[in-house]
Each structure stands twice: as C-alpha cells, then as structure tokens.
Amino acid sequence: MCIFAVEMKNKAYILFLILLLFPLCSMAKAKRQVWVIDAGHGGNDVGCEGTKAKEKDITLSVAKRVAELVRANIPNVKVVMTRERDKYLSLSQRCEIANSADASLFLSIHVNSVPEYTNVRGTETFYGPVGATNNKGLENARKQYIQKSELLAWEMQKYYGLVGRPISRGVKRERYYVILHTRMPSILTEIGFITTPSEQEYMTSKKGQEEIAQCIYRGLRDYKETIDGGREKRTLAEMRRTGGRSSGVIPVAKGGDDKQLAQASTGKDSKSNANAAKPVSEAEQAALAAENAKAEAAVVLDPTLEPELDSEELSFSIQIYASDKKVKLTDPRFKGWRNIKIVELDGKYKYKYLYGNTSDYPEARKMLQKMRNSFPDAFLVAFLGKRQISTADAQELYINKK
C-alpha cells in the first residue's frame, strides 16, 4: 500500500507539472512572430525596367534570399512571402496576406528608376503617414505602430552604406498603398536604381544580391532586438538625431549567424569580408551625396495617392523622351511619329514627350512594346487626372474599376 501510494503521489506530481508547463509552452508558441516579406510586382506587372533586367525579377530573388537568412538565423520568427514565383498579385492582395497572417512586420522590396537620368544612385526606405486613408479602424491600428514603422525604416536603411551602397537617400514618409493598408509596422525599401548601369549591374549580380539581402536581414534582426530589449524610443530618438549613424560606425552584433553570413557573402573568411564591408568615411559620404544631389531634381517620387479616395480619370501613356529645352515635334529624333504630346513640368527635365493615351492597361502594354522598336528606353507612365501616379497603383485602380 505504501509503494502504491508513493507511485500515485509521483504520478499526481508529474501530472501537476504537465498541467503547469502546458500553458507556458502554449504561450511560448503564441509569441512566435510572423514576418511578411513582399517581393514587389510580378507576373504581367514587371515594375520598372533596365537595359537587361526587370524589377519583378530582382525583388523576387532578393526577397527569397532574405527569407532564407531569417529562417536560418531567427528560429522564433515565421516568414510568409507574398509570392515565391513570378505571379501577379494586386496591392490589396499583398495587404490581405499580411493582415490575415496577423503579422508583426511587413516589408516590401522594390527597385527605383529614373529613365531620363542614368547617374542617379542610392537606397531609400519609406514608412506611411497616419491619416492617409478614410478607414478609421485601419488608421487607429496604424497609429499604434507608426513609431515602430519609422524605427524599422531606420534600422533597414542604416546597413546599406556598410556594404557596397554608399549613397543613402534616407528614411522618408510616403503614401504607398501597401504601407497604408497593413495593420502592423510596415515599410517599403528601394534597393537601387535599375536605370543607372552600375546599380543595375550590382543588383543583378550574385554578389550584389547577397550583400543587399544581408543588409536587409541585419536591419530586420536589429529591429527585433531593439523592440525585444525595450529600447524603441531611445533608439528611434538617436537615429532621428544622427540620421541613422549612431556612432559613426554601426556595430554588427557578434554571433554565429554573422560569421556564416560574412563567409557566404564572399566565399572567404569573415576577416576578408570585414575589409570589404568597411564603412564609407564621412568625407566620402559627403562627396558622394553631393554628386547624387545633382541628379536629385530628376527623381520624381510616385505620389501613390489613396486610390479609393479618387474618382478622376485614369490614363496611360508612353514616355519616349525628356529634355530641359523644348524640342519641336518635327525633330528627326521623333522619327515622324504622330500622336506625341509635350508635357511641361517643373524640375531639371522640364519637357517630357509622351506617345498615345489610353485608359486600357493591356492596350498600354501593347503600345509600349510597339514603341520600343523605335525608342528602346521608352517606358509606361500613368496619370490620375493631371497627376502622375505609379504604374502599380494605376494597375490596381484599373482592376478595381473594371
């Protein structure tokens, strides 16, 4: 009887421990974060185009590598990709994926372009302003995360300059659809200019994509460490004050993952990679920034206005040329083409020359292919009324209005 009583007591104790630990295990499992990584564009939405590459392909390749790095090095984070192949997703579908997953973080990867100026360089990262939509529930949710979104943008931007990307165009606030309609800390990062030959070469190279992916991964990792450590307000204030340069050189936290990543970047040991990743000095940064500033006027950010708030006419045209001086339409460079109009705007390139005008997106794509036989650098532009908007948002509007 005594032995039986002891056994029963032990079993009861074990059962008690199981019941005690079960909710703790459930809590630990519940705390696992979900990060959504969005490869911009896809399918028939190719994004911006360079001489030998398309935005949709670069963003997918980089996004997949970032996902690999997170999965390999941050075990308590689940990564969800909006797309893992070349497929079309609307902007609202991308947001729905993130919102349905109850994500803790949303990152959209994109590539910049300025076809009429091929020397513009640099990276930039955006977060969305509060009050940019007419959805009160959405805005209330976004208000809770606005500072975290800004912090995430700074953490993302700070690493680019350490490895191969000395020009930083900074952290900015913009009305991009995907960062306005997600209910968690959300950013959109532009990793370079596909229309600048050196940047296109870098972004399409194996080495360049590996380095970009590492920078993005490390920004994500530092953001998580900052939030987990309760240093959000202090870190954000410091980054605002210094422009993301905390103490001149941004330290890379030590750990097995960094050693592995360093080796993966060059195929050599971490010591040789550390030399390759040497930060650009302040003097070099200033010189490069001055050089880039000459072309700054040529860069026109997509307004990406809130589509659901606008009822103006949507139209597409093909831009074939831009100039700071007015050129007659009878000029030989237009090769006798008709239906070309001149649009006068502010900025370095005051005059832009557009071919055709249609409200039908598929027809616009056909026009673009036709014009590239005579104008290889031609590209698609979209307008909402008289305002130019991004082709991605224009496509979203087109689909919603069908």
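Every number in this text was worked out from the coordinates using simple rules, so none of it is lab data. Treat the numbers as computed from the prediction; the structure is a model and nothing was measured. Cβ: placed from backbone, ideal geometry, glycine included. Neighbour counts: every protein chain shown.
All other residues whose Cβ lies under 11 angstrom from that of E211 are scored, Lys and Arg at +1 and Asp and Glu at -1, for a net of +4. Based on the Stokes-Einstein relation at 4 °C and a viscosity of 1.567 mPa s, and on the Kirkwood radius from alpha carbon pairs, the range 81-192 is assigned a translational diffusion coefficient of 87 µm²/s. The charge dipole of the range 44-200, taken about its Cα centre with unit charges on the Cβ of Lys, Arg, Asp and Glu (plus for the first two, minus for the last two), comes to roughly 320 debye.
Using the structure shown, list the pairs from K87/K370; K172/K206; K52/K366; K206/K325; K335/K386; K206/K341 with a Cα-Cα distance above 31 Å, or answer none. Checking Cα-Cα distances, K206/K325; K206/K341 exceed 31 Å. Sorting 132-138, 118-124, 359-365, 229-235 by average packing, meaning the other beta carbons within 10 Å per residue, from highest down gives 118-124, 359-365, 132-138, 229-235.
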